[in-house]
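Beneath this line is the structure, given in C-alpha cells, with notes to follow.
The values are calculated or read from the model by the stated rules, or taken from the named source; none is laboratory data. Bear in mind the structure is a predicted one, so any value in this text is a computation, not a measurement. Cβ sites come from the backbone with ideal geometry, for glycine too, and all protein chains shown count toward neighbours.
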Amino acid sequence: MMAAMHGFIHMGFMFAQMLSNKRIFITGGSGFVGAHTMFFLMEAGCHVVALKRENSSTNLSRLIFEQLNARHQSHLSFDDIEWVHGDLMYPFSLIEGSQGCDAIVHTAASVSFQAKEREMILRNNMDGTAHVVTACIENGIERLVHISSVAALPNPDKKPELDETFLNSTYYEFETTYGESKYRSEMEVWKAHGEGVKVTVLNPGLVLGEWKFVDSSVQMFRSVARGLPFYSGGLTGFVDVLDVAKGVVRSLTNEKSIAQRFIMVGENLSYKELLHKIATALGKKPPGIKAGKNLSTVVALAAESWAAISGSKAFITREVAQSANRSTRFNHHKAEEILGINFNPIDQTIARTALFYQAHPELH
C-alpha cells in the first residue's frame, strides 16, 4: 500500500513538472467531464482557460472543485480559472479565447436522441469540433485532446468486444445520431492531425460520477431512487468521470498518446447489474421487470407519437430503446498500457455517486 501511494505521489509530481505553467484551453468547463478535468489539470500545475456561454452557470463546477479539494486534501482555487465567454458555433470566440495557449482539451458536445434534433446534433458536434480545429491551426496550438464516446466506434463486423482497431470510413452506419455526430467530429480531429496538430482521442463509455442528476448519464440514480420498475436487456461499458479526467492529463504528458485513440471503459456491465448496484447503494428496491427490445420499441413509438402531437420531447426514443438492448463489450487494455490508467472499480464509483446524490437533493 505504501509503495503504491509513493508511486502515485511520484507520478503526480512528474505530471506537475511536465505541465507546470502550461496554458490549457478547455471547452465544456461548466459541464460534467470538463469540470472534473479542470481540477486535475490545475493539480498538474496548468493555468486553465475555460470557454463558457455567457449565461451558463459555473456553480456546479465550483461544487465539484470543493468536493475534489476535500478528497485530495488540496487547496486549488476555483477562482484561478480564467473564464472566457464564447460559443462553439462562433469560431472567432474560440480563436480569440485560446490565443497564447499550449493545448486545447475539447470536452463540450451536444447530446440528444430525439429524432427531430438530428440536424442540430450533427451540426453542433461536427461544426463545433471543426471550429476547435480551426482555433488550433490559426493560433499555432500544437496539442489537442478530444473527448469522444464509445458510441462513435463503428462495429461493421458485429464484434462482441470492441477495441481501437478499425479503419476510418465515411460509409459506416451508426446506431444513434449522437454516435454518428461524434464519429464525424473525430474526422475533423484527424484532419487537424494532417495539418500538424498532435491529437489524442479518448472514447469514454457511459460516464458515472458526481454531477446533476436530471440531464446526464447519472440520471439513472434519480430514476432508481424514484422507483424505476424496468431494466433493459443490454450490456455496455461504464467509466468513472475521474478516470476520464486523469486520462486527459496522462495524454498531455505522454508522447506515445499522440495520433492515438483510447477506449476509456472501467467495466462492462449489463444494465440490470448496474441498476441493481445503484439501488443497493441508494437503499432502494431494484427494478425487476425486463423491458426487452420489442416492448421498449413499442413504448418509444408511443412516446415519440405523443411528443410529435404535443410538441414536447419523448421521454424514450427508438434510438434509446434499441441501444439499451444491445450488448457490446469494450477493451481498455490500450489505455492501461500506454496511459497507465488503473480504472476505478465501478462499485466504488457508484457508492461515491450515491452519497453525492443523497447529500445534494437540489441536483435531483
**OP:** Specify which of the listed residues (LEU202, LEU228, LEU274, LEU235) is more than 30 Å from LEU63 (Cα to Cα) and either buried (at least 24 other Cβ atoms within 10 Å of the Cβ) or aliphatic (A, V, I, L, M) (or both).
**Re:** LEU235
Original post:
Just a yes or no: is a residue in region 70-79 in contact with a His (Cβ under 9 Å, 6 or more places away or on another chain), at pLDDT below 95 and part of a loop (DSSP other than H, G, I, E, B)?
Top reply: no
Subject >> Long-range neighbours under 6 Å by Cβ, at least six apart or interchain, first residue among the hydrophobic types (A, V, I, L, M, F, W, C) within region 244-262, second part of a loop (DSSP other than H, G, I, E, B) and buried (at least 24 other Cβ atoms within 10 Å of the Cβ) >> reply: VAL249/ALA44
Subject >> Pick from region 115-138, criterion surrounded by fewer than 18 Cβ atoms within 10 Å (Cβ to Cβ) and modelled with pLDDT of 95 or more, ranking: nearest to TYR178 (Cα to Cα) >> reply: ASP127
**OP:** Quick one: in region 248-265, of everything that is touching a Leu at 6+ places or on another chain (Cβ under 8 Å) and polar (S, T, N, Q), which residue is farthest from GLU336 (Cα to Cα)?
**Re:** THR253
**OP:** Taking only region 95-122 into account, find how many residues are in a helix (DSSP H, G or I) and farther than 27 Å from PHE262 by Cβ.
**Re:** 8
Original post:
In region 64-78, what count of residues is obtained for those that are under 19 Å from the mean Cα position of the chain (by Cα) and either among the β-branched types (Val, Ile, Thr) or farther than 14 Å from THR37 by Cα (or both)?
Top reply: 1
Original post:
Pairs, please: C-beta under 6 Å, at least 6 apart or cross-chain, first residue farther than 17 Å from ASP215 by Cβ and in region 105-131, second of a type in the set (Asp, Glu) and assigned to a helix (DSSP H, G or I)?
Top reply: THR129/GLU188; ALA130/GLU188
Original post:
Within the set of pairs 6 or more residues apart or between chains, which connect a residue that is among the β-branched types (Val, Ile, Thr) inside region 281-296 to a residue that is at pLDDT 80 or above with Cβ atoms less than 6 Å apart?
Top reply: ILE289/PRO229; ILE289/PHE230
Original post:
Looking only at residues in region 333-347 that are assigned to a helix (DSSP H, G or I) and touching a residue at least 60 places away in the same chain (Cβ under 8 Å), which one is nearest to LYS284 (Cα to Cα)?
Top reply: ASP347
**OP:** Using the structure shown, decide if PHE174 is touching a helix residue (DSSP H, G or I) at 6+ places or on another chain (Cβ under 9 Å) and at pLDDT below 95.
**Re:** yes
Subject >> Of all residues in region 123-163 being part of a helix (DSSP H, G or I) and touching a strand residue (DSSP E or B) at 6+ places or on another chain (Cβ under 6 Å), the one that is nearest to SER30 (Cα to Cα) >> reply: VAL132
**OP:** Would you mention how many residues in region 140-174 are surrounded by fewer than 19 Cβ atoms within 10 Å (Cβ to Cβ) and under 19 Å from THR107 (Cα atoms)?
**Re:** 1
Subject >> Criterion (at pLDDT 95 or above, surrounded by 15 or more Cβ atoms within 10 Å (Cβ to Cβ), closer than 26 Å to LEU242 by Cβ and out of contact with any Cys (no Cβ under 6 Å at 6 or more places or on another chain)) met by exactly one of LEU60, LEU94 >> reply: LEU60
Original post:
Just wondering, is there one or more residues in region 150-163 that are modelled with pLDDT of 90 or more and not aliphatic (A, V, I, L, M)?
Top reply: yes
Subject >> Index of the failed condition, GLU180 passing every other in (1) under 30 Å from ILE137 (Cβ atoms); (2) more than 16 Å from the chain's Cα centre (by Cα); (3) among the charged types (D, E, K, R) >> reply: (2)
